[in-house]
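The values are calculated or read from the model by the stated rules, or taken from the named source; none is laboratory data. This structure is a prediction, so every number in the text was calculated from the model and none was measured. Don't worry about glycine lacking a Cβ; one is built from the backbone with ideal geometry, like all the others, and counts go over all protein chains shown. In case anyone asks, the SASA skips ligands and DNA or RNA and just uses the protein heavy atoms, side chains included. Shrake-Rupley method; radii C 1.70, N 1.55, O 1.52, S 1.80 Å.
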Amino acid sequence: MTTDSSIIERVEIYMNNFFNTELAADLYFHNIIHTREVVEAITEIGIHEGLTQDELEPLKIAAWFHDAGYCCKYIGHEDESIKIARAFLSDQDYPVDKVSLVISCIEATRYPQKPRNLYAEILCDADLYHFSCKDYDRHEQNLRKEWAVYLKKQYTDKEWVEENCYLLSLHQYFTHYGKEVLRAKKDENMAKMLCR
């Protein structure tokens, strides 16, 4: 069932509705805001990595679907995201080779990230783009609230800073843009938190 609108437009409409109706309100981090930010980061990183708009298409689709599985389960949500993406794209008669690319990119976001090609590297870097944002504190506080609900993890302020510093110090960006631009901004956030 296809229409004259582009597949990206159809995915965006579908996913906006999906997030509004299917995702719990207490997903403070993994929500439509994070998803939109990842989609925007795909374009920024992808353009700097030399991808064309056509090459960005399956990546943007993967970004829209990558956290959809949180509607079903918290741990292992990637498997559910893949099912949701596959079902929708099949209904849209999206080319099988491009569906495979979308699926492999979503799979690569599973922590710890293990991208196997440039497309997956771009999605992985876009998914953790927020590590480099000036408002990183907004992101990490939303994640802290979400983990309290879904993982039953309660942190003192000191413990939370230590957890963040540990996570940020282990993390590495994969793309050239990530290594050359995003890492420096992430390092600034680590310095603000006084990570040692």
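Against the conditions (1) of a type in the set (Gly, Ala, Ser); (2) open to solvent by less than 20 Å² (accessible area, probe 1.4 Å); (3) within 18 Å of residue 174 (Cβ to Cβ); (4) free of Cβ contacts under 8 Å to residues at least 24 places away in the same chain, residue 50 satisfies every one except (2). Here residue 98 does not fit the description of being in contact (Cβ under 8 Å) with a residue 40 or more places away in the chain, over 30 Å from residue 148 (Cβ atoms) and crowded, with 17+ Cβ neighbours inside 10 Å. Apart from one condition, residue 147 fits all of (1) open to solvent by 80 Å² or more (accessible area, probe 1.4 Å); (2) of a type outside the set (Gly, Ala, Ser); (3) under 23 Å from residue 72 (Cβ atoms); the exception is (1).
When the stretch 19-38 is filtered for residues that are in a helix (DSSP H, G or I) and either without any contact (Cβ under 8 Å) to a residue 24 or more places away in the chain or open to solvent by less than 20 Å² (accessible area, probe 1.4 Å) (or both), the ones remaining, listed by number, are 19, 20, 21, 32, 33, 34, 35, 36, 38.
So, in the stretch 143-183, how many residues would count as being out of contact with any helix residue (DSSP H, G or I) (no Cβ under 8 Å at 6 or more places or on another chain) and either of a type in the set (Asp, Glu) or in a helix (DSSP H, G or I) (or both)? Adding up the residues that qualify gives 18.
Checking 41, 68, 62 one by one, the residue that is in contact with a Cys (Cβ under 7 Å, 6 or more places away or on another chain), modelled with pLDDT of 95 or more and surrounded by 15 or more Cβ atoms within 10 Å (Cβ to Cβ) is 62 and no other.
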